[in-house]
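Let me begin by presenting the structure, written as structure tokens, before commenting on it.
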Amino acid sequence: MTAPNGTGNPQQPGNNPQPAIPNQYSFLWLSAAIFLMVLWLQDGGQPQLRELAYSDFKTAVVNDQVSEVTLKEEAITGLFTDSGAASFSSDTPSQASTPGFRTIRPPMEDPSLLGLLEEQGVTIRAMPSGLPWWQELIRGFLPWILLLALMFWFWGAAQKRMTQGGGPFDFSRSKARKARRETSTATLDDVAGIESAKREIAEIIDFLKSPEKYRALGAVMPKGVLLVGPPGTGKTLLARAIAGEAEVPFYSISASEFIEMFVGVGAARVRDMFQEARKDAPALIFIDELDAIGRSRGAGLGGGHDEREQTLNQILTEMDGFEAHENVLVLAATNRPDVLDSALLRPGRFDRKVTLDRPHKDARTAILQVHVRKVPLAIDVDLEQLAARTIGFSGADLKNLVNEAALTAARENLHEVSARCFEVARDRIILGEERDARLSPEERKAVAYHECGHAIMAYYMPNADPLTKLTIIPHGMAMGVTEQTPREDHYTYTESYLKDRIKVMLGGRCAEKLVYGEVSTGAQNDLKEATTLIRRMIGQWGMSEKIGPLGLSIGEEHVFLGREMGLPREFSEKMAEMIDAEIQAQLLAMEKATLDFLTDHRDQLEALAKAVLKAETLSAEDVEEILRKEDARKIA
């Protein structure tokens, strides 16, 4: 099989996380302290006393064992003398060293008590009945106040966790993260390889910094800028750089964060976000993955009251509501501009569209120079050569390449990242990680013939991409890999190039058929890619004399959606049958041509398979040397 290219996706901008609640348990501790104070007040603030029967109390007074008493309305408390404390000692540890006592007064008044106390010389104290008015007030109302406060606190905390916001009515608050220059570390210097996009953005930043210069010439700032490009090409990174350069408030949010399970929440959050941005104008709003809510309306899903469509309608309304003096700019990023609603794309909403494509060679070199700033490179590392060998890599892929090379160097305890580390990292990204697969000798031989079929077609087809490496070591999900690297960046493809590419894909299956007389399941991915490519050639690129120069929507999501919902299709059933028949006819013709070619080069196939079974991995130079020797021997 041929090796796919990987893609990356940077993180979203914004470094303004939800603030932590300081001392979140302080309220609970305070409540507990107040509750204990109430209990203490209810108990009169007295320590624990020894309980005495009233008769024992009078006996103790007669025996001179009481030194002091305090007369209350319902009870008598007092202190023992030393002899009294020893006489009424208790086995209870908490009362063993307590010199005080307490006894309940009888319901009937004892007229002889005062005389007895005076006769024995006991100090008599009296305490008014009841507590002071403020203590009574606290004891009566504070427990209820405390209970209600705890209920409200727990209710608010639960609502805050549910909404991830600041209170029980926070559903409609925007979740956009606010960043300023001092909190953003990325700048335009960190964005390389997209100079045209940087010029567009630099003009917007200059407009925000000095709007008077443009207004003097009658210019009005665009209301929206749409960043379009494949994943990993730097859309979100560019937005982060704007946050670091613009010196104005920057609000960032993913489009999916507008939508919740509650009806109307998305539209409310849009209103809140734009309202906050207007307060801080001039300001920037960045909406990542706009296609999550900006898909075309009327596709048959949900109807006019669908939550996603309500959110989209609110965005359209808010962008129309901007005035020239508001200075609020909306940046949005998407890798699916074909599914966006036409109302979003018209001038007055998104006035500019900035396209970011996969970087060319010079741009890849500049991107690598940015990512290796903090990486100690060995003397044998040539970034230009590395950029030439990474055709098709996006900016995120190149960042991942540098990181994988640094990880490889660290794993091998190196002090510098060498060219071999980059080679290992590149193979890991393109081919996949090497894995152990215990193949039987017969399966290993079949894999060798399969990959050699790919390699021979890649070597001899005049328009195919050059062969780079041939290996039968399992990588990723593949039992073997034949790697091809384009000579230069391609932006358009000719019919001859695409047909040779399909023949390379069919080379493995045809080699199996030639050697074993049957095919295996190993060509599943090759057949899938070949079928997809030939379908585009016939239905979208007009590369068929029978079908003609038609550009039909083949294999796109909204077409199948329209078919399921009963919407009209762009072509008839008869045309679909013709396309399917033409796809089958061309694939069969190319398979026959590939099989015939491998039959004529059977000796080269056998020699190459024998070599790769012995070495497991062959470079392009090794393959070329083997095939040339066989060609020379065949001619001789």
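The values are calculated or read from the model by the stated rules, or taken from the named source; none is laboratory data. Treat the numbers as computed from the prediction; the structure is a model and nothing was measured. When we count neighbours, we look across all protein chains shown, and the Cβ atoms used for this are built from the backbone with ideal geometry, even at glycine.
Output yes when any residue across region 448-466 is more than 30 Å from Q586 (Cα to Cα) and either touching a residue at least 24 places away in the same chain (Cβ under 8 Å) or over 31 Å from the mean Cα position of the chain (by Cα) (or both), and no when none is. No, because not a single residue in region 448-466 is more than 30 Å from Q586 (Cα to Cα) and either touching a residue at least 24 places away in the same chain (Cβ under 8 Å) or over 31 Å from the mean Cα position of the chain (by Cα) (or both).
Only one residue in A396, A405, A343 is in contact with a strand residue (DSSP E or B) (Cβ under 6 Å, 6 or more places away or on another chain) and not basic (K, R). Which one? Don't jump to the end; show me each part of the working.
Numbers: A396 fails: in contact with a strand residue (DSSP E or B) (Cβ under 6 Å, 6 or more places away or on another chain); A343 fails: in contact with a strand residue (DSSP E or B) (Cβ under 6 Å, 6 or more places away or on another chain).
So the residue among A396, A405, A343 that is in contact with a strand residue (DSSP E or B) (Cβ under 6 Å, 6 or more places away or on another chain) and not basic (K, R) is A405.
Would you pick out the residues in region 504-519 that are basic (K, R) and surrounded by fewer than 23 Cβ atoms within 10 Å (Cβ to Cβ)?
Let us first name the residues in region 504-519 that are basic (K, R), namely 509, 513.
K513 - this is the single residue of region 504-519 that is basic (K, R) and surrounded by fewer than 23 Cβ atoms within 10 Å (Cβ to Cβ).
This table checks each residue for (1) assigned by TED's automatic domain parsing to the domain that holds E73; (2) among the acidic types (D, E); (3) modelled with pLDDT under 80.
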position	(1), (2), (3)
A96	yes, no, yes
E109	yes, yes, yes
Q120	yes, no, no
R125	yes, no, no
R139	no, no, yes
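Every test in (1) surrounded by fewer than 21 Cβ atoms within 10 Å (Cβ to Cβ); (2) part of a loop (DSSP other than H, G, I, E, B) is passed by G232 save one, and that test is (1).
Conditions (1) surrounded by 21 or more Cβ atoms within 10 Å (Cβ to Cβ); (2) among the β-branched types (V, I, T); (3) closer than 21 Å to A530 by Cα, marked per residue:
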residue	(1), (2), (3)
I379	no, yes, no
A387	yes, no, no
S394	yes, no, no
L398	yes, no, no
L401	yes, no, no
E416	no, no, no
E443	no, no, no
E451	yes, no, yes
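When F350, F393 are screened for being farther than 19 Å from G232 by Cβ, in contact (Cβ under 8 Å) with a residue 24 or more places away in the chain and among the aromatic types (F, W, Y), only F350 passes. Here A437 clears all of (1) surrounded by fewer than 17 Cβ atoms within 10 Å (Cβ to Cβ); (2) modelled with pLDDT of 90 or more; (3) aliphatic (A, V, I, L, M) except the condition numbered (2). Of everything listed in (1) within 21 Å of R389 (Cα to Cα); (2) out of contact with any helix residue (DSSP H, G or I) (no Cβ under 8 Å at 6 or more places or on another chain); (3) crowded, with 16+ Cβ neighbours inside 10 Å, the single unmet condition for D465 is (2). Number of residues in region 269-294 that are outside any helix (DSSP H, G or I), within 17 Å of F350 (Cα to Cα) and not β-branched (V, I, T): the value is 6. Looking only at region 599-608, count every residue that is out of contact with any strand residue (DSSP E or B) (no Cβ under 9 Å at 6 or more places or on another chain) and either under 19 Å from T471 (Cα atoms) or not assigned by TED's automatic domain parsing to the domain that holds E624 (or both) and tell me the total. Final tally of qualifying residues: 4. In region 537-557, the qualifying residues are those that are surrounded by 15 or more Cβ atoms within 10 Å (Cβ to Cβ) and assigned to a helix (DSSP H, G or I), and the one that is modelled with the lowest pLDDT is G539.
Residue-wise test of (1) among the hydrophobic types (A, V, I, L, M, F, W, C); (2) at pLDDT 80 or above.
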position: D272; (1), (2): no, no
position: E289; (1), (2): no, yes
position: A299; (1), (2): yes, no
position: A324; (1), (2): yes, no
position: L344; (1), (2): yes, yes
position: I367; (1), (2): yes, yes
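Among the criteria (1) surrounded by fewer than 19 Cβ atoms within 10 Å (Cβ to Cβ); (2) more than 33 Å from the chain's Cα centre (by Cα); (3) of a type outside the set (A, V, I, L, M), the one D489 does not fulfil is (2).
The number of residues in region 332-347 that are part of a loop (DSSP other than H, G, I, E, B) and either in contact (Cβ under 8 Å) with a residue 12 or more places away in the chain or surrounded by 14 or more Cβ atoms within 10 Å (Cβ to Cβ) (or both) comes to 3. Close contacts from region 368-384, counting a first residue that is without any contact (Cβ under 8 Å) to a residue 60 or more places away in the chain and at negative phi and a second that is charged (D, E, K, R) and in a loop (DSSP other than H, G, I, E, B), with Cβ to Cβ under 9 Å and a gap of 6+ residues or different chains, come to V375/E416; P376/E416; L377/E416; A378/E416; I379/E416; V381/E416.
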